[in-house]
Amino acid sequence: MTAKDLRNIYDVTRKWAFILPTLAFPTTFVIDAPFGRFTPSGESIFLLDGRRSWMVMELVSPITFVYTYLRSPLSPLSFGTPPPLSIHNPSTVLAILFLIHYANRAVFSPLRTPSRSKSHVIVVLSAILFNSVNGPLLGAYLSSPECHSYLAGAYRRPRFWLGILMWAAGFIGNIVHDEILLNIRRKKQAEDAKKAPEQTAKEKKKGEHYAIPHGLLYKYISFPNYFCEWVEWLGFALAASPIPSFASQGSFLATITPPFLFLVAEVLTMMPRAVRGHQWYRRKFPNYPKERRIVVPFLV
């Protein structure tokens, strides 16, 4: 396969990675992805262990990213010359940030989770498909000549460091707000440990325990972990690539890079789930704070 063939595959994949989430966006306001609070009740062969299935589907992204980044398919010497793996190379720094995120998301976060609802197999397969595209796209971009050209002198540009700071703030905020949710379940587990085994077993059949989270950005929105993740990947995109152009017809799809594609896919996928989750909270808890917005403080 020639370098031109690989470039064509990259460009076609990049465009469809924008088109498909955009087309799916309206339907996800109506159809709930069957995992977490929307896991179907009852037993089914299609419901998989929540923790293990999460780790499997999320590990796909860093594995495919590393492989593609090191193989550097968009370089003139395709599949043979990896990018300079040095802290002096800004793309190496960005690659490390990507892997730090997924080390937490795919390994440490599920291991910290006291319990996790089962996931329907369709969710797992969809996530594997997305990660099988997103990981290689980002790996190919960050190791490409165009990325290295754009990042030349990045350490002297305020925008690069602003992006890194946004990434760090979003990453830390995501973990901190996830911990608030995890502490709800840890507290519940501690209470269950004091009860009779048969009473605990009866409660487990009802599904995972949910309560109203409080603290930090939960004062303002129902899903600060989503908001923080968007801030994280917006910062990453600002540091890694130019902003897509809207200057002329067709230029947006031609200029949007994988870091911004990832951000768009995150927002389009998570926004409907946040809306539906916010409605679920209001139905389940009559005393749910009325002043809370959904996912963006003071706005949405």
Could you give me the radius of gyration and the Dmax of the chain, taking only the C-alpha atoms into account and expressing both in angstrom? 20.8, 67
How far is helix 50-71 tilted, in degrees, relative to the longest principal axis of the Cα atoms in the chain, given as a value from 0 to 90 rounded to the nearest 10? 10
Loop GluC sites (Glu not before Pro), the stretch 209-300 (other Cβ atoms within 10 Å of the site Cβ: 10 or fewer; DSSP): Glu291
Pairs beyond 27 Å (Cα-Cα), from Lys15/Lys118; Lys187/Lys219; Lys188/Lys219; Lys194/Lys290; Lys118/Lys219: Lys15/Lys118; Lys194/Lys290; Lys118/Lys219
To test your reading of the geometry: what angle, between 0 and 90 degrees and rounded to tens, separates the Cα axis of helix 121-142 from the longest principal axis of the chain? 30
Additional length obtainable on full extension of the chain from Phe298 to Glu43, 0.36 nm per residue less Cα span: 87.8 nm
Give me the mean projected area, in nm² to one decimal, of the convex hull enclosing the Cα positions of the stretch 255-300. 3.8
Net charge dipole size for the stretch 3-284 [Lys, Arg +1 and Asp, Glu -1 on Cβ; Debye, nearest 20]: 780
How much net charge surrounds Met271 when only the other residues with a Cβ under 13 Å from the Cβ of Met271 are counted, with Lys and Arg +1 and Asp and Glu -1? +1
What are the residues whose amide H is under 5 Å from the amide H of Val300, where those residues sit 5 or more places off or on another chain and H is modelled from the backbone? Ile294, Val295
Backbone N under 13 Å from the Lys187 label point (7 Å along Cα→Cβ), restricted to the stretch 107-150: none
Of Ser109, Gly170, Trp280, farthest towards positive along the dipole that unit charges on Lys, Arg, Asp, Glu beta carbons give the chain: Trp280
What's the angle, to the nearest 10 degrees (0 to 90), between helix 224-240's Cα axis and the longest principal axis of the chain? 10
Just grab the label-to-label distance for Lys15 and Val66, each label 7 Å out from Cα along the Cβ direction, in nm (one decimal). 3.4
Normalised by the residues of the stretch 3-284, what does the relative contact order come to in percent, with Cα pairs under 8 Å and at least six apart? 26
In whole Hz, with x marking every Gly and Pro, tabulate ³J(HN,Hα) for the stretch 88-98 from phi via Karplus 6.51 cos²θ - 1.76 cosθ + 1.60, θ = phi - 60°. 6, 9, x, 5, 5, 4, 5, 5, 5, 4, 4
Give me the net charge of Val124's neighbourhood, meaning all other residues with Cβ under 13 Å from the Cβ of Val124; Lys, Arg count +1, Asp, Glu -1. +2
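Quick one: if the Förster radius is 25 Å, what FRET efficiency do Leu162 and Ile87 give, using the C-beta to C-beta distance and rounding to 0.05?
0.80
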Net charge (Lys, Arg +1; Asp, Glu -1) of residues whose beta-carbon lies under 15 Å from that of Leu142, Leu142 excluded, is +1
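Every number here is computed from the coordinates shown, using simple stated rules; none is lab data. This one's a predicted model, so the numbers in the text were calculated from it and none came from an experiment. Backbone-built Cβ (ideal geometry, glycine too); neighbour counts: all protein chains shown.
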